[in-house]
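Since the structure comes first, as structure tokens, the remarks are kept for the end.
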Amino acid sequence: MKLESKVGAFFIGTILILGVLILRTEKLEIFGKTGEHTYRTEFPQVAGLNVQGHVRIAGVKVGNVKEIGIENGRAVIIFGVEEKFAVSKGAVASLSSIGILGEKFIELDPGKPSEGKLPEGSTIPSKIGVSLDNLMETLGAIGTDVKGITYALNQSIGGEVGRQKLDEIVDNIRLLTAEFRAMSQENHAAINNTMANVESISADLRDRLPKLAKQFEDLGKNLNEMVDQGKPELKGLMGDVRKLAQGFQSTSENIRSITDKMNKGEGTIGKLLNDDSTVQKLNIAVDNVNEMLGGLKNMDLRLDLGGARWTSRGDSQIGLGVEIAPSKDYWYSLAINSTPDGKISDSTRTTTKLDPFSGLPVSTVDKVRTVTSDQVMALSAEFVKRMGDHFVIHAGLIDGKGGAGAELRFLDDRFRFGGLAYDFTKRDDKPNPRYRATASYQFWKGLYLQAGSQDIGNKDLRTFFAGGGVRWKDEDLKKLVGLVGAGK
């Protein structure tokens, strides 16, 4: 049997074995998905929602959007729900997103099972969820309130009359501070003497505690004598202290009056502080802004760490890939691989032997062809586009060379079968482009197995490979990109 036949037989056998394993462990629906119920709902608008968008119950994906149309100026959504998730009468659908600017999806309230199962094809009522439009409407209402406040302030202190009032207030404050300054300067010496007397009294109290009562009596008599004698320093000090106390009392009464009015909701500030609707709007606005800042996570970040063994070259390939997906329909793939790049070299060898008949030396030239494996680091950067449910195409740099490929994907991308072509330059040891066919199956969580053939079009470089790896989504790194949130 020719080598090409052996390659084909091995490859077909590998695919058949993988297919049997898949059919034994999963329900593969090749001609369309079954095992789900279809329902209908309507929304005033569904900006940002796409076909194949998710349907979620309590944040868990239970189905996908099938069709999006328009009837009577309203968006009509046809979506499917897996049959293992029961939808009951009284179910309600709402349009939500992963963060304010994240991926749009349909949030489904499945209703109460006690009310009975909802027939397939029924129309489910909808409600409007929190969105960026709601946030802008709330901010607009707050802006209107702020304009009202500024208008009231302008009416109160604007114009010539308001300017005169402000000038009067400034003049009163200037006079008050001047009076306080003059009073403190006039009584500076008296205040210093009083503090010195207080320090002396406290020292005497510590030193002569048993005579404390008698000393207080003497102090009272001395104070009475000073007042009777009419010393001007003490009288002026007492009068200034009395005026100061009266000023503080008047100020405290004014403050009490202002706070009472604010508590009763009088005046602009009082209404702002006591209006529950304004406080609620502010709280909603703050919550929405926080959710927006923490929810820029509409990009999926997928990582792939894998390796394979090249059978005929006795070497291995390892690589790390990252997929950045702004949308479910397309994404960008970056990868770096350490791969054995097959290389052929030809050489000649001249040998001299004695002719057994003539006894003379005879030279012969032998041509030797060797295949070597050069371990190189290669970079891949591709743009990937999903066409429908199961078909994916990609193009860009593949192991540092230009190329393109296509894949068939089933079981939520767990089973993949595809091929690619790259490196279209020609050389003696590689007359044809490099063709690669790969089949992989993700059998448990992120773990997968893969097998295939490399350099199918170049006989001397052709080899099989088999290996595996792990794929996963990093939700924590998405929070750093979007800058806060929780993917649902």
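Tabulated data for the structure shown
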item	result
Selection from the stretch 44-62 of residues that are farther than 18 Å from Ser126 by Cβ and either loosely packed, with under 12 Cβ neighbours inside 10 Å or hydroxyl-bearing (Ser, Thr, Tyr) (or both)	Val60
Complete set of residues in the stretch 64-91 that are more than 28 Å from the chain's Cα centre (by Cα), within 16 Å of His37 (Cβ to Cβ), among the hydrophobic types (A, V, I, L, M, F, W, C) and assigned to a strand (DSSP E or B)	Ile78
Residues located in the stretch 299-357, provided they are under 30 Å from Asn64 (Cβ atoms), β-branched (Val, Ile, Thr) and at pLDDT below 85	none
Number of the condition not met by Val376 [criteria: (1) in contact with a Phe, Trp or Tyr (Cβ under 9 Å, 6 or more places away or on another chain); (2) β-branched (Val, Ile, Thr); (3) modelled with pLDDT under 75]	(1)
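The values are calculated or read from the model by the stated rules, or taken from the named source; none is laboratory data. Here the structure is a predicted model, which is why all the values come from computation and not from measurement. Quick reminder, even Gly has a Cβ in these numbers, built from the backbone with ideal geometry, and neighbours come from all protein chains shown.
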